[in-house]
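Report on the following structure.
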Amino acid sequence: MIQGTQDKCRILVVENSDEVRDDLIGELSALGQVTTCAREEAVAREDLAEFDLIVSDLAEQESATQSETVKAFKLGVTSSPTRRETVELHDVIEKTLGFKLRRIDNDAKDAHLREKIDLELPSDLSLMNTVLAYLLDRVAKLGLIKVEQSNLFVALDEAFVNAVKHGNRNDRTKLLRVTAELSPREAIFTVEDEGDGFDVREIPDPRDPANLFKSSGRGVLLIYNIMDEVEYSERGNRLKMVKRPETGAPIA
């Protein structure tokens, strides 16, 4: 039970179906103040930054115009790269993930528990620390991996930085998609950018003496050394990483 209005967040539910909308109101009303609207109204709203959490059924459409409208909605107020908007977006993400950790996520360890987390974010490195802290907290609470001993932070940080800087080239109008699939036996992370991609085989090997003073390739090498499995898509803009407990079995 949530005590006090100060712990409640403002939630916007975007859903065309009246039945689904009513169900979501019932489920979310205990968490905060719920506002609902249809898709057409949502993409035209100018107060998106005032909500702590947006639950949306928006999906990419086939036409370019519709797709851009949906993407603009996802980016919200971040299309204009001002410092004020960056700070506001950071606060929204931090409050939302912090609220989810405190009030929604279950701290109990369950041998059969599986959890999937999907995030879409503008390409802004200032947002990554909050997302990274949230993901590591979820891994730790599941008892999957001893985070402080695993260097998982380093691998995920390198993946985020590469996707934002080299994939999307710091273009805040391009999205970064982060997925985490967690279970007691493994953690699977996927980081996808909207850049042109690259061929991982063409990255200079930083272990080669000829590349001793070159910084390129070191992040990718760290990811390969820390994670148990690493797989790049054919295009090179999607990275899948798998981490398992050192014993090969769930941590008690």
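Bear in mind these aren't lab numbers, they're just calculated from the coordinates by the rules spelled out. Computed from a predicted structure; not experimentally measured. Virtual Cβ from ideal backbone geometry, glycine too; neighbours counted across all protein chains shown.
Miscellaneous remarks
- The His166 and Asp228 beta-carbon pair, evaluated with R₀ = 25 Å, returns a calculated FRET efficiency of approximately 0.60.
- Segment Glu202-Ser17, length gained on full extension (0.36 nm per residue, minus Cα span): 61.7 nm
- Links that overshoot a 23 Å alpha carbon limit, given the list Lys146/Lys240; Lys141/Lys174; Lys146/Lys243: Lys141/Lys174
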